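**Student:** Can you read through this structure? Questions will come right after.
The values are calculated or read from the model by the stated rules, or taken from the named source; none is laboratory data. The model shown is predicted, which means the values in this text are computed figures rather than measured ones. Note: ideal-geometry Cβ built from the backbone for every residue, glycine included; neighbour counts use all protein chains shown.
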Amino acid sequence: MTSIDVQDLTKDFGDRRAVDHLTFRVRPGRVTGFLGPNGAGKSTTMRLVLGLDRPTSGTAAIGGRAYPTLTEPLRHVGALLDAQAAHGSRTGRDHLRALAASNRIPVRRVDEVLEETGLTPAARRRVKTYSLGMRQRLGIAAVLLGDPEVVLLDEPSNGLDPEGIVWIRGLLRRLAAEGRTVLVSSHLMNETASFADHLVVLGRGRLLADTPMQDFIDARVQPRVRIRTTDAGALKNALAAHGHEAVAHEDGHWSVEHARVDDIGRLVSAAGVPILELAAEEGTLEQAYFDLTATEAEFTAQPQGF
């Protein structure tokens, strides 16, 4: 089984430290979301893993080896950091054929990944005529070309239409289910929540979290219960008797903080409170992420008043 191992990794650019003694492991069989504010060091870390930058200190290894030492690396690692990297004057198929030839990958594999990414109809068009979403698909086709054990993607949903976004979610889940190691960097919290099993979160080059996604959310966002009733007084009394406080909202529903829906359901039922709606309001990845990284962003905009 192949993992990505980052050990005490540090990268300085002059007097600015982009990655600060970073240690984590990306394990196979799950999708690891790689999160952090702008300037957190995510892209630099991925470049260090792929040997595109040299660390100031520390190591980054894939299956125990540095990426530059891999023979025919596309057979081991598929990576997409920049969808604009393909030469615009080549056709999509020729771009993939060149990559395949350099890594002794059979030409039939080119047609297979073109089909898998939905690019077969555009395979003989020049890349410069591709939309951003098509270039993204071409980049993902290149990632899949060598049937790699390890996949690294930076913003894979960028430029994709809704159908493409659903497709990339399914692809990431399938790759992990096949036992591959999948690391995905993204700024889209809702999208990350739809495919990630585990999270690695950076802030100002340092490790802030390395944990299963649901544990990350549960540790930072308390559960809440949403209730609608025709008898607000009875609801408040029943909840107060058990140490809960109901908060009213403009649309007529009530919420109970730090509570589970099963517990609230039992006590209001026992009290005979008429209930029109009873639902759990679970914490979101976005809420938990902002709770953790609020003080870690290098660049932030001021809230706008209207």
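**Student:** Can you name the number of the only condition in (1) surrounded by 15 or more Cβ atoms within 10 Å (Cβ to Cβ); (2) touching a strand residue (DSSP E or B) at 6+ places or on another chain (Cβ under 9 Å) that Gly88 fails?
**Tutor:** Just one mismatch for Gly88, condition (1).
Table: residues versus (1) surrounded by 15 or more Cβ atoms within 10 Å (Cβ to Cβ); (2) in a loop (DSSP other than H, G, I, E, B).
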residue: Val201; (1), (2): yes, no
residue: Ala219; (1), (2): no, no
residue: Arg266; (1), (2): no, no
residue: Val273; (1), (2): yes, yes
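**Student:** Scan segment 202-235 for residues that are touching a Ser or Thr at 6+ places or on another chain (Cβ under 6 Å) and over 22 Å from Arg266 (Cβ atoms) and jot them down.
**Tutor:** Gly203, the sole residue that qualifies.
**Student:** Using the structure shown, decide if Leu199 is over 30 Å from Ile264 (Cα atoms) and modelled with pLDDT of 95 or more.
**Tutor:** Against the criterion (over 30 Å from Ile264 (Cα atoms) and modelled with pLDDT of 95 or more), Leu199 qualifies.
**Student:** Which numbered condition trips up Leu22, out of (1) at pLDDT 95 or above; (2) under 17 Å from the mean Cα position of the chain (by Cα); (3) within 22 Å of Tyr289 (Cα to Cα)?
**Tutor:** Only one criterion in (1) at pLDDT 95 or above; (2) under 17 Å from the mean Cα position of the chain (by Cα); (3) within 22 Å of Tyr289 (Cα to Cα) is unmet by Leu22, namely (2).
**Student:** OK, next. Going by the structure shown, is Leu160 of a type in the set (A, V, I, L, M) and either over 21 Å from Gly118 (Cα atoms) or part of a helix (DSSP H, G or I) (or both)?
**Tutor:** Judged against the criteria, Leu160 is not a match.
**Student:** Still on this structure, I have one more. Tell me the residue from Ala100, Ala176, Ala196 that is assigned by TED's automatic domain parsing to the domain that holds Phe34 and either in contact with a Ser or Thr (Cβ under 6 Å, 6 or more places away or on another chain) or free of Cβ contacts under 8 Å to residues at least 60 places away in the same chain (or both), please.
**Tutor:** Ala100
**Student:** Would you point out which residue out of Asp53, Asp12 is among the acidic types (Asp, Glu), farther than 16 Å from His76 by Cβ and buried (at least 18 other Cβ atoms within 10 Å of the Cβ)?
**Tutor:** Asp53
**Student:** Next question, about the same structure. If I ask for residues that are surrounded by fewer than 12 Cβ atoms within 10 Å (Cβ to Cβ), under 12 Å from Arg224 (Cβ atoms) and touching a strand residue (DSSP E or B) at 6+ places or on another chain (Cβ under 7 Å), which ones from segment 246-264 would you list?
**Tutor:** Passing the criteria: Val247, His249.
**Student:** Just to verify a result, which residue in segment 49-85, among those that are assigned to a loop (DSSP other than H, G, I, E, B) and at positive phi, is farthest from the chain's Cα centre (by Cα)?
**Tutor:** So the residue we want is Glu72.
**Student:** Continuing with this model, one more query. Keeping to segment 222-245, report how many residues are surrounded by 19 or more Cβ atoms within 10 Å (Cβ to Cβ) and out of contact with any strand residue (DSSP E or B) (no Cβ under 8 Å at 6 or more places or on another chain).
**Tutor:** 1
**Student:** Sticking with this structure for a sec: From the set of residues in segment 277-302 that are over 18 Å from the mean Cα position of the chain (by Cα), outside any loop (DSSP other than H, G, I, E, B) and not hydrophobic (A, V, I, L, M, F, W, C), which is modelled with the lowest pLDDT?
**Tutor:** Glu281
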